[in-house]
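The values are calculated or read from the model by the stated rules, or taken from the named source; none is laboratory data. Here the structure is a predicted model, which is why all the values come from computation and not from measurement. Heads up, the Cβs are rebuilt from the backbone with ideal geometry, glycines too, and the neighbour counts pull from every protein chain shown.
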Amino acid sequence: MKGLILAEKYYNEFGSRILSAAETLCPGLSSRLSIGLSGEGSQCLGYDDTLSWDHDFAPGFCVWMSDEDYAAYGSALQAAYDELPSEFCGFSRQNILAPHRLGVMSVSDFFGSLTGIPETDEDWIFIPEDALAAAVSGRVWQDGCEEFRSIRNQLNAFYPEDVLRKKLAARAAVMAQAGQYNLLRMMKRTDRIAAMQAAARFTEAAISMVHLLSRKYTPFYKWAYRSLQELAETSALAQLVSAELAELPEAYILPGKEGIEKTFDITESICRSVSDELRSQGFSKTESNFLQDHLDDIMNGILSPQIRAMHPMADPAFR
C-alpha cells in the first residue's frame, strides 16, 4: 500500500475525531485546520514501495495550525491525536523513527524545518531544492489554515526570476565542465573513478536543469531520476534527457574509442536539447550548444546586483 493512500484511509476513518476534539477546544477551530500528508519521506512524493516499510511508514496524517492556534491549543490537540489507534491496515505507529513528521504542528515549525519562509531573493538562494520539493509534496485533504495555504502557494509558485536564472547558470556551468569537457578527458586518460565522478556530477546537474526549466523542484537525489521520468510524461525535454541518461552508465565504461564516442553522443545530445530549451524560453540567444557559452546571456538577465555578482557556477543550495 502506498503511504498517501494509507494516510488518506486513516484520515477518512479517524479524522473526524480530531475535528471534533478541535471544536471542543474552541468553536470554529476545526475549520482553521489544514490536514494532509506532506514533508520528508518517499511516501509524501508517492515514490514509496515495500522497501519503504522498514521505517517511518505508519498510519497517520499531519495537522497544521497557525502559530497562534498552536500556542493555545496545539498540545491538547496533539493529545487527542495520540489517542487515535496506533494500528491500522496492518501497519503500526511503532515503526516511526521521526515522530515530528506526523501529528499536530504549527505552520512555522513545519516550514521552518524544511525551507523557512522566504522573503527575499537571497532567502530563496539558500533553500535546498529537495527541501522545497518536500515542503510542497503530498496531498492536503482539508485546507482551512490560511497561513499554511499561503506559504504552500508561495512555494508552489516556484523561484523568483533572478533566482531561477542563477540556478540555470550554475547547472549549465556544471554540465559543461563535468559532461562536455572533463568526462571525455577522464575517459581518454582511462581514469575510471574520475570519469564516474564526472558522469555523476553531469547527471545530477542535468536532472536539476530539466526540473528548473519545467518549473518543478528536484527532490532528494535518490528520487531525482524518478521525478525526471514523471516529467517525461508531459515534457519532450525530460523524455529525451531521461532516455539519454539511462544509456550513460554503460557508455562511459565501454573500452577505448567506442566508449568515448558513445559518451560524447549522449552528453552532446542532452546539452543540445538543453541549449534549445534555454533559447526557446528566452534565457539565452547564444547559438552555441556548449553550455558554458550560455552563461553570460543567462546571468545578464539577472536584475539583482547581489545575485548577478555571484560566480556563475555558485549555488549554495545545490547539495
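Observations on the structure shown:
- Test: residue in region 159-169 that is assigned to a loop (DSSP other than H, G, I, E, B), buried (at least 17 other Cβ atoms within 10 Å of the Cβ) and at pLDDT 95 or above: yes
- Checked against (1) more than 25 Å from SER31 (Cβ to Cβ); (2) at pLDDT 95 or above; (3) out of contact with any helix residue (DSSP H, G or I) (no Cβ under 7 Å at 6 or more places or on another chain), ASN153 meets all criteria but (1).
- Residue within region 83-91 that is of a type in the set (Phe, Trp, Tyr) and in contact with a strand residue (DSSP E or B) (Cβ under 7 Å, 6 or more places away or on another chain) present: no
- Scan of region 244-299 for residues that are among the aliphatic types (A, V, I, L, M), more than 21 Å from ALA170 (Cβ to Cβ) and at pLDDT 95 or above, ordered by number: ALA246, ILE266
- Of the residues examined, THR218 is one that is modelled with pLDDT of 95 or more, on the phi < 0 side of the Ramachandran plot, surrounded by 15 or more Cβ atoms within 10 Å (Cβ to Cβ) and among the hydroxyl-bearing types (Ser, Thr, Tyr).
- Which numbered condition SER150 fails, given (1) assigned to a helix (DSSP H, G or I); (2) in contact (Cβ under 8 Å) with a residue 40 or more places away in the chain; (3) of a type outside the set (A, V, I, L, M, F, W, C): (2)
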